[in-house]
Structures are given as C-alpha cells and as structure tokens.
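Participant: Questions regarding the structure given below will be posed in turn.
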Amino acid sequence: MRIFDISRKLVNGMPVWPGDTAFQYEVSWPMEESGSVNVGRLELSTHTGTHVDAPFHFDNGGKRIYELDLNLYIGPARVIDLPPEIESIGVKELKDIDLDGVTRVLFRTLAWKNGTVFPEKIPHIEPELAPYLAKKGIRLIGLDVPSVDPIDSKELPAHHSLNANGIHILESLILDEIAPGEYELIALPLPLVDGDGSPVRAILRQW
C-alpha cells in the first residue's frame, strides 16, 4: 500500500485568501516555562490550506461541519487530469470520461503553479456541471485550487449549485505528483460544532 499526502503544509507566511486570517503558529508555553513540555498556539481561518467547505460557509441556513456525514470524506476517489490552461470545468471537459460508479472525483489542473503566492485566477467549476455529476452519483469533488468559483466571485454560483445537488467540496489539494486513476481518499474535517469549514489532512491510498 502506498500513501500520498495531498495536503498543503501549514506554515507561517503561507498564502491565504486575500483578507482572511493569516496562519500563525507559535510555542506559547515553552518547556523553559512549563518545566516539562512545549505547547503551541494556532491562529488560522477555517479555510486555511487544504480544507472542506460546509454549506453554512455560503448559506446561513446550511449545515455546519459537525453535521456532515463523515462517510463523504473516506472512500474510493478518482483523480482526473485536466489541462492547466482551461478556464473552467464543465460538462464538455468530462463528457468523454466514464464516471459510472464513481462517488468522489478530484480534478488535477496544476493551475496553481506557485504555491507560495495566492493565485489571481483559477479554473472554476461551471454551475451546470453539478447536476451532471449528481446524475452520475458523485457526492464530493476536490480541486487543486482554492475555490470552485472564480476568485472574484461574490455570488458563488458553483458553491450553490453543488450544494443544491448534494455534492460536497474539498479545496486546495496538492496533486502535482499524483497520477490519474483510482485511490482511496481520507480527508476528515475537525469536529467543529459551528464550523463553516475545516482544514483537513488529506491523503490518498493505493494498493
């Protein structure tokens, strides 16, 4: 069995969504003071690095992280390679790909070329893709970019369309070294009772 870590490293100075909380880790209670241990302190957004969105993120009446079914975030997943020059991901990009029996898809675009800088533009999900994927039985999509919508979008049509079709969202994966194919995905969110999102440690396993 091989394990592939597809999570972004959490490190001070890492890129975050413009205007969001910067990631900060510090040893707030060092061994010299405690007498026995180092204890760290974290400051971060719920959308730091590789993370899942809860519907509450974009819908005040939507489910919070703790209410989501954990089965969504564990199980078979297919990595699909897409050309990095595409501007959006729609039905036409997937019409020749057999998705029968697939529950989770991860889109490998390699469009986020410099992981130390937040991207100005990304390939986004076209809202019309959501009902197409739902009919195929897809319950979760993941991407190697920080959003399913354009960076400057305020209406978030892809978020809303995916949610309306029962499809959950995993963002900011690192898929550079991952070959297209079949894997087992594990990307569990934290048990944040009121959370609108949660960082995850996302991995793929392959036998």
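Participant: With respect to Lys113, is the statement that it is free of Cβ contacts under 8 Å to residues at least 60 places away in the same chain and assigned to a loop (DSSP other than H, G, I, E, B) true?
Facilitator: yes
Participant: Related question: When residues of segment 116-160 are filtered for being free of Cβ contacts under 8 Å to residues at least 24 places away in the same chain and within 26 Å of Asn12 (Cβ to Cβ), how many remain?
Facilitator: Matching residues across segment 116-160 total 0.
Matching residues to (1) touching a Phe, Trp or Tyr at 6+ places or on another chain (Cβ under 6 Å); (2) on the phi > 0 side of the Ramachandran plot; (3) of a type in the set (Lys, Arg):
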{"position": "Glu43", "(1), (2), (3)": "no, no, no"}
{"position": "Arg64", "(1), (2), (3)": "yes, no, yes"}
{"position": "Pro84", "(1), (2), (3)": "no, no, no"}
{"position": "Lys92", "(1), (2), (3)": "no, no, yes"}
{"position": "Lys95", "(1), (2), (3)": "no, no, yes"}
{"position": "Asp100", "(1), (2), (3)": "no, no, no"}
{"position": "Thr103", "(1), (2), (3)": "no, no, no"}
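Participant: I want to confirm something. Restricting to segment 24-43 and keeping residues that are hydrophobic (A, V, I, L, M, F, W, C) and touching a strand residue (DSSP E or B) at 6+ places or on another chain (Cβ under 7 Å), which single residue is farthest from Leu190 (Cα to Cα)?
Facilitator: Once the filter is applied, the top-ranked residue is Trp29.
Participant: Further, regarding this structure: Test of understanding: among Lys92, Lys63, which residue is in a loop (DSSP other than H, G, I, E, B), among the basic types (Lys, Arg) and without any contact (Cβ under 8 Å) to a residue 12 or more places away in the chain?
Facilitator: Lys63
Participant: Criterion first (of a type in the set (A, V, I, L, M, F, W, C) and within 23 Å of Leu156 (Cβ to Cβ)) does Leu143 satisfy it?
Facilitator: Yes: the conditions hold for Leu143.
Participant: Let me ask something else. Give me the pairs: first residue in segment 1-21 and without any contact (Cβ under 8 Å) to a residue 40 or more places away in the chain, second residue among the small types (Gly, Ala, Ser) and surrounded by 15 or more Cβ atoms within 10 Å (Cβ to Cβ), beta-carbon distance under 9 Å, and six or more apart or on different chains, which are they?
Facilitator: Pairs found: Asp20/Ser45; Thr21/Ser45.
Participant: A follow-up question, please. Identify all residues within segment 176-194 that are in a loop (DSSP other than H, G, I, E, B) and crowded, with 21+ Cβ neighbours inside 10 Å; write none if there are none.
Facilitator: Once the filter is applied, which keeps residues that are in a loop (DSSP other than H, G, I, E, B) and crowded, with 21+ Cβ neighbours inside 10 Å, segment 176-194 yields only Ala187.
Participant: Name every residue in segment 142-175 that is surrounded by 19 or more Cβ atoms within 10 Å (Cβ to Cβ) and of a type in the set (Asp, Glu), in order of residue number.
Facilitator: Asp144, Asp149, Glu171, listed by residue number.
Participant: Taking Arg78 as meeting all but one of (1) at pLDDT 95 or above; (2) surrounded by fewer than 19 Cβ atoms within 10 Å (Cβ to Cβ); (3) of a type outside the set (Ser, Thr, Tyr); (4) more than 21 Å from His159 (Cβ to Cβ), write down the number of the exception.
Facilitator: Result: Arg78 fails condition (2) only.
Participant: Which ones in segment 173-192 are among the small types (Gly, Ala, Ser) and closer than 22 Å to Ala134 by Cα?
Facilitator: Gly181, Ala187
Participant: Let me ask you something else. Which one of these does Glu32 not meet: (1) over 19 Å from Ile125 (Cβ atoms); (2) surrounded by 14 or more Cβ atoms within 10 Å (Cβ to Cβ)?
Facilitator: Looking at each condition in turn, Glu32 falls short on (2).
Participant: Could you grab me the full set of residues in segment 1-16 that are within 11 Å of Gly49 (Cβ to Cβ) and not aliphatic (A, V, I, L, M)?
Facilitator: Passing the criteria: Ser7, Arg8, Lys9, Pro15.
The values are calculated or read from the model by the stated rules, or taken from the named source; none is laboratory data. Keep in mind that this is a model prediction, so the values were computed, not measured. Quick reminder, even Gly has a Cβ in these numbers, built from the backbone with ideal geometry, and neighbours come from all protein chains shown.
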